[in-house]
Amino acid sequence: MKCEKINNCPFYQQKMPIDSGLGAIYRRNYCENDKTKCARFMVASTLGPSYVPIDLYPNMVDRAKQIISENSKN
């Protein structure tokens with residue numbers, strides 16, 4: 001499932017180039033292949049984009065789960 005935000009993801013705009021090095025690996029693994037495994041997508045789709053910290057990397061799933069847990073309304 002390709003991510004619809006691949007071309008305007010704030011992570012790539014402010015943190016890391018999308019076309020080289022680690023950014024290219026993240027793009028391939030998360031943005032192009034399975035957006036549901038992306039920590040940023042997890043938080044944005046559960047709580048909303050305003051809850052996604054700019055320093056949340058796509059592979060930080062444990063942190064994403066913590067953010068979701070701390071901000072979910074029970």
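The values are calculated or read from the model by the stated rules, or taken from the named source; none is laboratory data. Model, not experiment: these values are computed from the prediction. Here the Cβ positions follow ideal geometry from the backbone for every residue, glycine too, while neighbour counts run over all protein chains shown. Heavy atoms of the whole protein, side chains included, go into the accessibility calculation; ligands, DNA and RNA do not. Shrake-Rupley method; radii C 1.70, N 1.55, O 1.52, S 1.80 Å.
Suppose we keep only residues that are basic (K, R) and open to solvent by less than 70 Å² (accessible area, probe 1.4 Å) within the stretch 16-64. Which one would you say is modelled with the lowest pLDDT? Give the steps one after another, and end with the answer.
Initially, the stretch 16-64 is screened for residues basic (K, R), giving 27-28, 35, 37, 40, 63.
Adding the requirement that they be open to solvent by less than 70 Å² (accessible area, probe 1.4 Å) leaves 27, 35, 40.
On the way: R27: 86, K35: 93, R40: 94.
Ranking the qualifying residues of the stretch 16-64, first place goes to R27.
With the condition being touching a residue at least 24 places away in the same chain (Cβ under 8 Å) and charged (D, E, K, R), I'd like the helices (runs of 4 or more DSSP H) fully within the stretch 1-71 carrying at least 1 qualifying residues. Working first, answer last.
Values: elements: 10-14, 21-26, 39-46, 61-71.
In the stretch 1-71, the matching helices (runs of 4 or more DSSP H) lie at 39-46, 61-71.
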